[in-house]
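K.L.:
Okay, handing you the structure first.
The values are calculated or read from the model by the stated rules, or taken from the named source; none is laboratory data. Everything quoted here is computed from the prediction, not taken from an experiment. Cβ: placed from backbone, ideal geometry, glycine included. Neighbour counts: every protein chain shown. Protein only, heavy atoms only, side chains kept; ligands, DNA and RNA dropped before computing areas. Shrake-Rupley method; radii C 1.70, N 1.55, O 1.52, S 1.80 Å.
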Amino acid sequence: MALEPRFHRVAALHRRFVNREGPREIFAEELGKVGHGPRVLNVVGVGGIGKSRLLREFERHVRGTWLVAALDLQIPAHRQQEDALAVLRMQFGEQGVRFDRFDIAYAVLWQRLHPHLGLTRAGLPFVEHSEVLTEILDSVAGVPVFATALGLLKLMDRGVDARKRRRHLRTDETLSQLDQLPGANLVDAVTYLFAEDLRVSHKDRPYLITVDAYEALGRPEADVWLRDLVAQLDHGLVVIASREPLPWRQYDSDWDEVICGLPLEGLPMQARMELLTDGGVTDPQLREVIAKASVGVPFYLHLAVDSEGKGRVVSQDEIMQRFLDHVDQDERRYLDLLSTARTFDFELFKQLAQAFHLPASRLAWERLVAYSFVYPAVDERFQLHQLMANVLRVRLSPAITSDAHQVLHRLWNERARDNNAPDALREAVYHGLRAGTLSSDQLLEYADRITACGGSQGMAGLVADLSDYLADYECDDALEQTARCLAAESAVLLGDAEKIKSLTPSGSWSLTTMAGARLAVAAGHGRRIAGETSEALNIYTSVWEGRQGPERHPAGLWSADLHMAQGRFGTASRLAEELTAACPADLHAVRGDIARLMHLAARFSYDFGQADLYLREAETYYRQADTIVGAALIATNRAELLAWTDPFAAVNLAQSAVEANLDLGALHEVGKAYTALGQAHLAIGRHNDANRALEQACQALEKAGYRSGRARAELIRAALNARLDRVDDAVASVNWAVNELLVVEVYPTLLMAAAYLLDVIGGIDAKVSRAAEEARTRIEALDSLEILEARMKHHVRGLLV
């Protein structure tokens, strides 16, 4: 029997016998319920029963009249929330659905996860298919774009036509709030906007989404994102194929009203016999034996057809074995080797075969992919049916399995070198782990490469792969610590303090390894974000003093920053000098951060001349690093400095700093720039302008949750109230600001300034006085406390007269 005709004939036979009327009637009934809330059809059956083929049949049935999209959770990338949404967006987009709000929100999430990168066409998977993002990128003509909601919406105003078309986006309440959302809530908002755009864009055209291989999600908690998405898809039908009924009812009884179960049973005996007859199994006795042994599972019946009905069998295992005995030796070896790959294409097949000294012709390849158990996957690759892959893997010896993974590790590495694609790097890690060739440090290097090339979703996938590997294999503590390190670093990008802390309980890391040191740094970030300043400083210090290597740099920088914020300017200065000496000369951004830190130390010491020198140094480094974020930080700090030394110049610069930081979505910097603007207006005597600027500062800082910055703004407001002879209001403002600064344990020189302000206006307060006295005992001045205090009093008096 010729191979290609056999393949198409088998497919036709499957449609004839597997597409039973019962499932089709239930499917039609569920289609009729669409439009009144979420609907889920759960196709349940053992592996090989025909769930995947039934899903494809459902898709064919409605395609053309319904919108149709599919996820296959056997494909690793489809198991991650952001990737899955991008896949669905691409498929629906090709059918005319517009996702303007989702595209903007997804870009904002991508930017949150990649703060070091600008938005480009290569960065997001669907930019070329997004009209709104394409217009934005075209409007800036190659200038780097940072994807914040406010920034993207502003860029849409550049063209008159776009401004008219996109008016609804600029006034959208959800989009306007994206920049203020913490990471986990931002992910939820992206999912919400996907469902909303899908609903609004095609109100009169329902949709079908199929989700295959639910069990590939593995861990019970791994389906949270899928449940969240499905609950919001209220104008379509979601068909989910799984080996066991969906367990969602245990989370919420309301799923009882949403989920309709569709159990698949084996084919009836008559259908089995007819399928085998039409497939070429001519011996009646053999047909009956195979039909009984298959238990009606189409996978095994197809194998019998694939092997042309030769041999005698009494069980499913023997059907499988008979098929493997039927194929020639080289073909069997090909299948054995390919069972180690999650997906494969002709080039991978060819190079894997050649590595094991097997012929690798195009004809051999076409014979393989024609089998009923070989399915299309992403990017023109293929995958084996799970049942076949599982049987084939156990046939390989541990040594051959390891060798095959080693070859695939090398091949995926070569692909990653060519294009640095996150999915190629992820596959290289998958095979490297199973080949036993990846150390903890090498795994971290792969993770850093994925992050550097914009692969946040690849990072999430890598973390999931590593978790699966740890569940399946006995591993040493170093690998377990590496897995927690990568998960914690991903949580840092989203600012999820609770998740970071759950991954980093005290004492759960070892500074003897790079992974342990990086895990400790992530633990410090979690405490710092949660406002646990002293504990964060202790962790950073332990890494700085206990490690050698690049992981020291962030620990040293944050240690110096927290020492500076708590008034230990001498310690911060010594750390900055040590960090500069340890930092490679070409790390311009880090050197800029160090110089800017010293600028802040000088500024909070009221030594504005020295502060200016450090700020110029930081600006030079940031310019060499070509960082837009660094330039915006400099603009804010320059405005804050000039508010003390040249308030007229500060006004224009503060307004520019506000704009620059709005483009970046850096609300805390926006608030600081408005505070500088308010202080500049106050120094000039423009009291109404000062009040308006401070109102805007307080709004931005409260949205950002930046308590110390909000306290600084309130101190400037106290000075404004003092200028206007509103002494009681000034005292109230000082008291509020001091309470905040005491809670967050920062800026003791501001506590001194607050007490002096009250002394000048005669608003004595015992608590403020005690706080200032205690602050004096904690300050390590760069020159002397007396000189620092003299400078502070001079400049505060300048604000009050």
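K.L.:
Tell me which of these residue 558 doesn't satisfy, since it passes every other one: (1) free of Cβ contacts under 8 Å to residues at least 40 places away in the same chain; (2) of a type in the set (Phe, Trp, Tyr); (3) part of a loop (DSSP other than H, G, I, E, B).
P.N.:
So the condition that residue 558 fails would be (3).
K.L.:
Show me the helices (runs of 4 or more DSSP H) found entirely inside region 166-260 where at least 3 residues are over 25 Å from residue 460 (Cα atoms).
P.N.:
Details: elements: 167-170, 173-177, 183-201, 224-231.
By residue number, 167-170, 173-177, 183-201.
K.L.:
Could you say which residue among 27, 92 is assigned to a helix (DSSP H, G or I), modelled with pLDDT of 90 or more and more than 20 Å from residue 241 (Cα to Cα)? If you could, list the steps in order and put the result at the bottom.
P.N.:
Working: 27 fails: more than 20 Å from residue 241 (Cα to Cα).
Result: 92 is the single residue among 27, 92 that is assigned to a helix (DSSP H, G or I), modelled with pLDDT of 90 or more and more than 20 Å from residue 241 (Cα to Cα).
K.L.:
Still on this structure, please answer the following. Within the group 432, 495, 461, which residue is in a loop (DSSP other than H, G, I, E, B) and either within 30 Å of residue 120 (Cα to Cα) or free of Cβ contacts under 8 Å to residues at least 60 places away in the same chain (or both)? Even if it seems obvious, please write down each step before you answer.
P.N.:
Values: 432 fails: in a loop (DSSP other than H, G, I, E, B); 461 fails: in a loop (DSSP other than H, G, I, E, B).
Criteria check complete, one pass: 495.
K.L.:
Tell me which of these residue 585 doesn't satisfy, since it passes every other one: (1) in contact with a helix residue (DSSP H, G or I) (Cβ under 7 Å, 6 or more places away or on another chain); (2) of a type in the set (A, V, I, L, M, F, W, C); (3) not in a helix (DSSP H, G or I).
P.N.:
(1)
K.L.:
Within region 620-662, can you find the residues that are in a helix (DSSP H, G or I), over 14 Å from residue 674 (Cα atoms) and under 26 Å from the mean Cα position of the chain (by Cα)?
P.N.:
Correct list: 625, 628, 629, 630, 631.
K.L.:
Evaluate region 583-599: report whether one residue or more is open to solvent by 30 Å² or more (accessible area, probe 1.4 Å), over 21 Å from residue 149 (Cα atoms), at pLDDT 95 or above and among the small types (Gly, Ala, Ser).
P.N.:
Taking region 583-599 as the starting set, the residues that turn out to be open to solvent by 30 Å² or more (accessible area, probe 1.4 Å) are 584-591, 593, 596.
Subsequent filtering for residues that are over 21 Å from residue 149 (Cα atoms) retains 584-591, 593, 596.
Imposing the further condition that a residue be at pLDDT 95 or above reduces the set to 596.
From what's left, among the small types (Gly, Ala, Ser): none.
No: region 583-599 contains no residue that is open to solvent by 30 Å² or more (accessible area, probe 1.4 Å), over 21 Å from residue 149 (Cα atoms), at pLDDT 95 or above and among the small types (Gly, Ala, Ser).
K.L.:
Can you spot a residue in region 749-771 that is touching a Gly at 6+ places or on another chain (Cβ under 9 Å) and not aliphatic (A, V, I, L, M)?
P.N.:
Scanning region 749-771 turns up at least one residue that is touching a Gly at 6+ places or on another chain (Cβ under 9 Å) and not aliphatic (A, V, I, L, M).
K.L.:
Among 674, 606, 614, 621, which is the only one that is open to solvent by 20 Å² or more (accessible area, probe 1.4 Å) and in contact with a Lys or Arg (Cβ under 6 Å, 6 or more places away or on another chain)? Steps first, please.
P.N.:
Working: 674 fails: in contact with a Lys or Arg (Cβ under 6 Å, 6 or more places away or on another chain); 606 fails: open to solvent by 20 Å² or more (accessible area, probe 1.4 Å); 614 fails: in contact with a Lys or Arg (Cβ under 6 Å, 6 or more places away or on another chain).
The match here is 621.
K.L.:
Something else: How many of the residues in region 741-798 are assigned to a helix (DSSP H, G or I), among the hydroxyl-bearing types (Ser, Thr, Tyr) and open to solvent by 20 Å² or more (accessible area, probe 1.4 Å)? Walk me through how you get there before you give the answer.
P.N.:
Let us first name the residues in region 741-798 that are assigned to a helix (DSSP H, G or I), namely 741-744, 748-761, 766-778, 785-798.
Subsequent filtering for residues that are among the hydroxyl-bearing types (Ser, Thr, Tyr) retains 749, 756, 769, 777.
Narrowing further to those that are open to solvent by 20 Å² or more (accessible area, probe 1.4 Å): 756, 769, 777.
Summing the residues that are assigned to a helix (DSSP H, G or I), among the hydroxyl-bearing types (Ser, Thr, Tyr) and open to solvent by 20 Å² or more (accessible area, probe 1.4 Å) in region 741-798 gives 3.
K.L.:
If residue 673 satisfies all but one of (1) at positive phi; (2) under 38 Å from the mean Cα position of the chain (by Cα); (3) of a type outside the set (Ser, Thr, Tyr), what's the number of the condition it fails?
P.N.:
Status for residue 673: all satisfied but (1).
K.L.:
Looking only at region 506-543, filter to residues that are among the β-branched types (Val, Ile, Thr) and closer than 19 Å to residue 482 by Cα; which one of those is most open to solvent (accessible area, probe 1.4 Å)? Outline the logic, then answer.
P.N.:
Step one: filter region 506-543 for residues among the β-branched types (Val, Ile, Thr), giving 512-513, 521, 529, 533, 539, 541, 543.
Add one more test, that the residue is closer than 19 Å to residue 482 by Cα, and what stays is 512-513, 521, 539, 543.
Details: 512: 113, 513: 41, 521: 11, 539: 14, 543: 0 Å².
Out of the qualifying residues, it is 512.
K.L.:
So, one more: Quick check on my filter: what residues within region 401-425 are within 19 Å of residue 463 (Cα to Cα), open to solvent by 30 Å² or more (accessible area, probe 1.4 Å) and among the polar types (S, T, N, Q)?
P.N.:
420
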